[in-house]
Amino acid sequence: MSTAPLPPRIKERGNWIAAGDGFRSAVKLLSDGAFKLFAHLSLQADHRTGRVLTTYRALAAELTKSKRAIGVYAAELKEKGVCSVRPGENQYSPTTFALCDSYWPYEREAPHEACEPGDYVEAVRRCFLALGCTRAGFSAADVRAARELERQGVPLGIVEDALFLGAGRKYEAWFAGRESAPIGSLAYFHDVIAEVRGQPFPSGYGDYLRSKIPMISERWAREKAIQDRQKKPASPETSSGRDQDRIKGGLQSNRRQDETPKSAGAK
């Protein structure tokens, strides 16, 4: 009679963590140095709270980096919504690092400060407004939508990837001469976020979009100014270039080319 296989047993009972979607997202989201700091903090954090109390000097010694480098990496973790960083009262006091819920795999057993209030929402707001193809402003409805994404544990990196992907599709449509209004709300990206969660980007593509979308945005702004003056449709041949061709290919390889996501409720 066959028996069910035994579950794998952990050889070491301490100093390890469960690495889930947040950990995978951090691999793509962070620079090498910042990811190393994130992994180290994850291993050192109290499993009940997700917090680490330490000094930059100690981190520099443990990771064989300079204090200045640790400061740069810590700033990146905070800016990208991976953890909050609360400095001590003076240069000799320890700093409190609190890993955000999207990047912490455990249920917290006590009241906590997972992130500085609004860190996740603020990061989403900055990314949304920086795309160049959205309406000015981030409404109260957008704030609620961002908070819901955070509550659901959607990693910030996934949200940002989806925003850049959706923006690339919008610019592709505009360069192709298809008239449409700027993206009106965060709800526009609802289906795109689900798509990216189900099929994460290949290695390097997220970074590529992050570097190229601002350039495409500037190119479109110049083209639109010319179009407004001449009252002629924009010409893809004069504006897209190799970067736009590569983005277009990448967008098509990500399966969906939909001017407005079906359930997004975009204006």
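Every number here is computed from the coordinates shown, using simple stated rules; none is lab data. If you're wondering where the values come from, they're calculated on a predicted model, not measured in any experiment. All Cβ positions, even for glycine, are placed from backbone atoms using ideal geometry, and neighbour counts span all protein chains on display.
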Checking the a/c ratio against 1.5 first, then a/b against b/c, what shape does the Cα gyration tensor give for region 100-226? prolate
Taking the simple approach of a point 7 Å from Cα along Cα-to-Cβ for both Val143 and Ala19, what is their distance in nm? 3.7
Using a simple spin-label model with points 7 Å from Cα along the Cα→Cβ vector, what separation in nm is obtained for Arg135 and Ser217? 1.8
Protection proxy (average C-beta count within 10 Å per residue), highest first, orders 161-167, 213-219 as 161-167, 213-219
First measure r as the distance between the Cβ atoms of Lys224 and Arg48, then evaluate 1/(1 + (r/R0)^6) with R0 = 51 Å and state the FRET efficiency to the nearest 0.05. 0.45
Got a sec? How would Glu195, Glu122 order by Cβ neighbour count within 10 Å, fewest to most? Glu122, Glu195
Entries of Lys28/Lys212; Lys78/Lys212; Lys78/Lys224; Lys67/Lys212; Lys78/Lys170; Lys36/Lys170 with Cα pairs more than 26 Å apart: Lys78/Lys224; Lys67/Lys212; Lys78/Lys170; Lys36/Lys170
Globularity ratio of region 21-103, using Cα Rg and 2.2 N^0.38 Å: 1.00
